[in-house]
Amino acid sequence: MGRDSDNHQAPPSVQAPPPGPPPQNLGLSRGPTWTPAEQLLQLHYCIHSNPSWPEALLLAFQHYIVMLGTTVMIASYLVPQMGGSHRDKACVIQTLLFMSGINTLLQTWFGSRLPVIMGGSLAFYLPVMSIINDYNDQTFPSENQRFRYTIRTIQGSLIVSSFVNIFLGYSRTWGNLTKFFSPISIVPVVCVVGLGLFGRGFPMLADCVQIGLPMLLLLIITQQYLKHLHAKAHHVLERFALLICIAIIWAFAAILTVAGAYNTSKEKTQTSCRTDRSYLLTRAPWIYVPYPFQWGTPIFKASHVFGMMGAALVTSFESTGTFFAAARLSGATPPPARVLSRSIGLQGISMLIEGICGSVVGTTASVENVGLLGLTHIGSRRVVQMSCGFMTLCSIFGKFGAFFASIPLPIFAAIYCVLFGIVAATGISFIQFANNNSIRNIYVFGLTLFLGISIPQYFVMNTAPDGHGPVRTNGGWFNDILNTIFSSPPTVAIIVGTVLDNTLEAKQTAVDRGLPWWVPFQKRKGDVRNDEFYRFPLRLTEYIPSRFL
């Protein structure tokens, strides 16, 4: 018997279980989340605000003292190997200080406009050592003659190599290259600007741990803990603890020297610990004004010029990373591409002036002084400009400058442990503008940071005391270029980070890379604050063609 179609019944539907509660937000369960902050709210004075004149004067003197360590270190390393006497070393220090004062003023007026001290760069160490080794094989009537021939050759190399930066800057080539940056590539670059200088921290402090370690501990305790004891103490110690600690430990080192604590120590220990082993105070001239061609006519040798060009290129990378850190710690927006171009171009002009006046190295942005902006919470441009007065006066009146230049280097090394760390951490703060939960970003950041430290460390470990690095071909100039470039952490980080960030799914991950936040600052009219921070002084912007801004 047939079955009627109406008797067919659909199978009962299976109902889904009622939806449960949404998964718990783990971020909310563990406390508040922090929104990205373009400016550091804890700054007391930003780039264009100024403390009182007496306070600014003390802060400017503090900047001068901090930059003095690298200046003395460069002269102490290079001048004796060049055949120079203690008086020659004092004159070289005075020349470096004089050039730093002039170059800092130029950079804060017409260059980056950021509160950055321009000082001597250790990136020139390998090319200078190559020149020194070249003259070690020759015979001279006296050591003074060897010193003069060496420094005249350095002058000629600096003069020619300065045009590398001048071309990169004023042709806008450098600015066009920096347009490929993003927050995720800037993070490791600024990090290694500080981390890459770890050799000037505790390793140099350990050369005289008796004064270096007390300086480090006293600075941390005084500046971070004792300031909470009283309201007035908070204000004074937060800004001037560094000067107070230097005075205390320097006096302690002088007492140990007079008491004979190092009379039986090794020569290296005595040089690092004693306050009377610099010989600067006794040999420095009372009045000395650096002038063009003070050592004689520059000597131009092509083999040395190419090596110095590599160092000039490295200072462009180093200064660029330092400028981003300075902008962050002074409350300014990230420097636009056009500002970076003109700052690198002006750095080339500064190098040209240094070559003419007889400096032993070229110029770069001082990392330690940028760290001081974060330590004191004061990013005022005027303070840095006022510090140029101390550099210039102490370079002319040699005895006064030599008095402060005789501070033992381990004291400066203890300061660097704090200041370089601040700069490195500043770089990490840029990651808030990118997606730090992206595996792709983690890969780019991690690989760039590691190679930015690891590759230069390999080159440093395999560089002989005479300056010969791991690249040893028959072309000495080629060796100097590669050894100098790959010994620089910021240079390696910029190369690796920029290539990775712009080739690994660059277009698909533009938002994750932080480009929507980043791009407006790189365009001329992308953000109105760019002109507020970076325009030329005295309404000069109105009279300069836009192609040169």
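The values are calculated or read from the model by the stated rules, or taken from the named source; none is laboratory data. Small disclaimer: the values here were computed from a predicted structure and weren't measured. Glycine also receives a Cβ, built like all others from the backbone with ideal geometry; neighbour counts cover every protein chain displayed.
Let me spell it out: the conditions are (1) surrounded by fewer than 16 Cβ atoms within 10 Å (Cβ to Cβ); (2) under 30 Å from residue 192 (Cβ atoms); (3) hydrophobic (A, V, I, L, M, F, W, C), and residue 326 meets all of them except one. Which number is the exception? The single condition residue 326 does not satisfy is (1).
When residue 141 is tested against the conditions (1) closer than 29 Å to residue 88 by Cβ; (2) part of a helix (DSSP H, G or I), the lone failure is (2).
Filtering region 103-138 to residues that are over 22 Å from residue 43 (Cβ atoms), part of a helix (DSSP H, G or I) and of a type in the set (Ser, Thr, Tyr) leaves 125, 130, 135.
Does at least one position in region 212-221 carry a residue that is at pLDDT below 95 and surrounded by 17 or more Cβ atoms within 10 Å (Cβ to Cβ)? Taking every residue of region 212-221 in turn, none turns out to be at pLDDT below 95 and surrounded by 17 or more Cβ atoms within 10 Å (Cβ to Cβ).
Yes/no matrix, rows are residues, columns are (1) polar (S, T, N, Q); (2) in contact with a helix residue (DSSP H, G or I) (Cβ under 6 Å, 6 or more places away or on another chain); (3) at positive phi:
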residue: 443; (1), (2), (3): no, no, no
residue: 463; (1), (2), (3): yes, no, no
residue: 485; (1), (2), (3): no, yes, no
residue: 494; (1), (2), (3): no, yes, no
residue: 501; (1), (2), (3): no, yes, no
residue: 540; (1), (2), (3): no, no, no
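Listed by first and then second residue, the pairs with beta-carbon distance under 7 Å, at least 6 apart or on different chains, first residue in region 256-285 and assigned to a loop (DSSP other than H, G, I, E, B), second charged (D, E, K, R) and at pLDDT 90 or above, are 262/274; 284/399.
Scanning region 230-277 for residues that are touching a Leu at 6+ places or on another chain (Cβ under 9 Å), of a type in the set (Gly, Ala, Ser) and closer than 24 Å to residue 204 by Cβ returns 241, 272. Take the conditions (1) surrounded by 24 or more Cβ atoms within 10 Å (Cβ to Cβ); (2) within 28 Å of residue 71 (Cα to Cα); (3) of a type outside the set (Lys, Arg); residue 206 misses just one of them, which is (1). Among all positions in region 345-352, there is no residue which is among the aliphatic types (A, V, I, L, M), assigned to a helix (DSSP H, G or I) and modelled with pLDDT under 95.
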